[in-house]
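The numbers here are math on the coordinates, done by the rules we state, and not lab data. None of the values given here were measured: they were computed from a predicted structure. Every residue, glycine among them, receives a Cβ derived from its backbone with ideal geometry; neighbour counts consider all protein chains shown.
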């Protein structure tokens, strides 16, 4: 699946901006590297991540094998991020980066969950020919 084709340029830019924003908020809201301004506006930034995820889901033209590839990759990202978010805090707490990794995973979840759900719904509706 080529996400940077001409038809998908909005989705590609939303995806890129979302990933960069997710990493920034993940690093900025942790106790390891706490930035007060990012922490104060974290709810709004998470809302922007969800909106960007919706934009990615609606703007990416996926069909057939591309949809399957996107859904498998999206599902893997969501599952690994969720399990990683929970398990990394306990295992990396001694080094002090557990909160940073956990908040980065949480921000990535805010981006990938809406995109994966929208693409899954689009795929189901296209299979049903509705």
Förster radius 25 Å - calculated FRET efficiency between residue 40 and residue 17 (Cβ-Cβ, nearest 0.05)
0.75
Pairwise FRET efficiency - residue 69 versus residue 129, Cβ, R0 = 25 Å, nearest 0.05
0.70
